[in-house]
Amino acid sequence: MTQMENDDVATQCSTLQEDEITVLESIYPSLIARHPNPDDKPGHLLTLTIPISFATLHHIQLDTPSGPSASLEVSHLPSLSLRVLLPATYPITEAAKSVSLRAPIPTGEKLGNWLPKSVLKKVSDKLTELWNDEKEICGEGMGILWKWWEWVGTGEFLIDLELVKGNMLELSVPPMLTPSTFHTMLKTYNASQLNLDFEKTAFSCSICLENRKGKSCIQMPGCGCVFCTPCLSSCWSLAITEGTLENVSCPSVSCTKKRALRERGEVVDDEVDTDLVESVVGKELKERWQDIKEKRKAEIDPSYTICPRPTCQAAVPPPATLTPSIDSSFSSRVIRLSDISSTTPTTNSDAPSPAHPPFFAISSIPGEDRWSRYRVCPKCSFSFCLYCNATWHGPHTPCAFPQTSLIVAEYLSYPEGSQGRKQMEIKRGKANLERMVSKHLEDEANKQWLQGKTRACAGCGVRVEKSHGCNHMTCGRCNSHFCYRCGDSIKPTDPYKHFNTPGKSCYMKLFDQDEVDRFERELVNEGGMAGGGIEDDWREFRGFWEW
């Protein structure tokens, strides 16, 4: 080949190199770095940073010299870094030369490679092998950087090098890392790459129907629905302000319908964590959401109570079992002072002399555990008695005002101005007794009204009053479906079967008679004003009622 031909080949190769590098830089602008060629020789010196991304989740088994260790599932692996020299006559007559290939551990510290050197050597040799294959097929060399990049970036090289066995990718733990550290490193890197992929992807918000980048969106845990942050913030802020906790969840149509139709006791993975709520609505509304959520527990779960301190009012859960476990062989000989104080002494019928002191029959010891009254607020650490809401006075000291209802009943049993009332007023205080009587009468009136005018929800027990409409009720607190007439729970997928089953007490009673009469009166009044149309409306309503 003459000098002129060599110059033509070099010129052509320089153009091909520039085109190949430009294409890669347009696709991966931040992953390619150019360096000055040593001694200003023709050609290019590049550093390629190639992230490894799988199309699907891969199960990885971490191996140590002592055997298999932990395992995890990832869709991204740390990048490989290749420094490659493109000679002046690449790609026509010479292959690209690998200067160095590394698999740096992404910790910010120089801890070596996460792939063994033997594997990196085989990956590096693939550059020359790909170029030779192209030369055999086409008769001259071709640019192979893109093909090699795809071979590495898709993880195909792991299969070709037999690192994937069956459905398992086996990776050796680097000698400078512990298995737990290597496991955490891979898991953290995978999570960061998934977050970057999410931020770069455009999503359609189901609320405003606009397309936004993932960095301006929130993905719901569990269901994976995506909403723009402003829309979700408005939705959740309104729900927290109004106290409707069930709406602080995924607002999509499908997820909302799933929650509405779920059976009682069915678990749906739609819970949101505290960090997510704070990122959407801010710290102030997050704290209100937590307070309402805790108080809702006390309203639904009877084992919870409310902290009596006015500045706290947090929900207090029941304590763990305070009574220590005792071997059953010795349980018959254990007597606590709190139990003895409430027992009645008996005498041993077999005792030779009545001079012997009485002893307490163990069978007569009551089962009440006075420590069960003890409560500690998890928010303010206030210790109090469950019965009297006063500061905890110990298991042996009785409450200051035990059995309030009995005290009130005794006080009201005496005639007004009688000696009995005067003695009780001197002992307990007239103002205290009047306050207790007022609270007792108010509670009794509320209890009578609730029993006569409301119905308890079959799911959470909250009392519901029906103003008008049919007897199919949906609880606004727990979304349970129930019948207002009998209080039974009904299936949300087929709520009217309860009213269509012969033999049931609610058969053909979707609407009560007084509701039907009210509807007829309204039709008559409206018909008199509008001049007709009563029969058609009534026929439609009557048919639905009978159905």
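The values are calculated or read from the model by the stated rules, or taken from the named source; none is laboratory data. None of these values were measured; they are calculated from a predicted model. Using ideal geometry, Cβ is built from the backbone for each residue, glycine included, and neighbour counts are taken over all protein chains shown. When the accessible area is computed, the model is the full protein with side chains, heavy atoms only, and any ligands, DNA or RNA have been set aside. Shrake-Rupley method; radii C 1.70, N 1.55, O 1.52, S 1.80 Å.
Comparison of Pro366, Pro319 shows that the only residue that is surrounded by 12 or more Cβ atoms within 10 Å (Cβ to Cβ) and either out of contact with any Leu (no Cβ under 6 Å at 6 or more places or on another chain) or at pLDDT below 55 (or both) is Pro319.
Residue count for segment 447-460, restricted to those that are closer than 26 Å to Val408 by Cβ, open to solvent by less than 80 Å² (accessible area, probe 1.4 Å) and not β-branched (Val, Ile, Thr): 3.
Could you count how many residues in segment 463-484 are within 22 Å of Thr256 (Cα to Cα) and either open to solvent by 20 Å² or more (accessible area, probe 1.4 Å) or touching a residue at least 60 places away in the same chain (Cβ under 8 Å) (or both)? Qualifying residue count for the region: 9. The single condition from (1) within 23 Å of Glu156 (Cα to Cα); (2) touching a residue at least 24 places away in the same chain (Cβ under 8 Å); (3) in contact with a helix residue (DSSP H, G or I) (Cβ under 8 Å, 6 or more places away or on another chain) that Ile32 fails is (2). The residue of segment 244-261 that is nearest to Leu276 (Cα to Cα), among those that are of a type in the set (Gly, Ala, Ser) and crowded, with 16+ Cβ neighbours inside 10 Å, is Ser249.
Quick grid of which residues meet (1) among the aromatic types (Phe, Trp, Tyr); (2) out of contact with any Leu (no Cβ under 8 Å at 6 or more places or on another chain); (3) at pLDDT 85 or above; (4) more than 24 Å from Leu245 (Cα to Cα):
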position	(1), (2), (3), (4)
His468	no, yes, no, yes
Gly476	no, yes, no, no
Asn479	no, yes, no, no
Cys486	no, yes, yes, yes
Ser489	no, yes, yes, no
Thr493	no, no, yes, no
His498	no, yes, yes, yes
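Residues in segment 476-504 that are assigned to a loop (DSSP other than H, G, I, E, B) and farther than 28 Å from Ile300 by Cα: Thr501, Pro502, Gly503, Lys504.
Does at least one position in segment 113-127 carry a residue that is under 18 Å from Leu31 (Cβ atoms), touching a Leu at 6+ places or on another chain (Cβ under 8 Å) and of a type in the set (D, E, K, R)? Looking through segment 113-127, none of the residues is under 18 Å from Leu31 (Cβ atoms), touching a Leu at 6+ places or on another chain (Cβ under 8 Å) and of a type in the set (D, E, K, R).
Yes/no per residue for (1) of a type in the set (Lys, Arg); (2) modelled with pLDDT of 90 or more; (3) closer than 20 Å to Lys165 by Cα:
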| position | (1), (2), (3) |
| --- | --- |
| Asp40 | no, no, no |
| Ile50 | no, yes, no |
| Ser53 | no, yes, yes |
| Pro65 | no, no, yes |
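For segment 507-527, the tally of residues that are open to solvent by less than 60 Å² (accessible area, probe 1.4 Å) and either within 39 Å of the chain's Cα centre (by Cα) or acidic (Asp, Glu) (or both) stands at 4.
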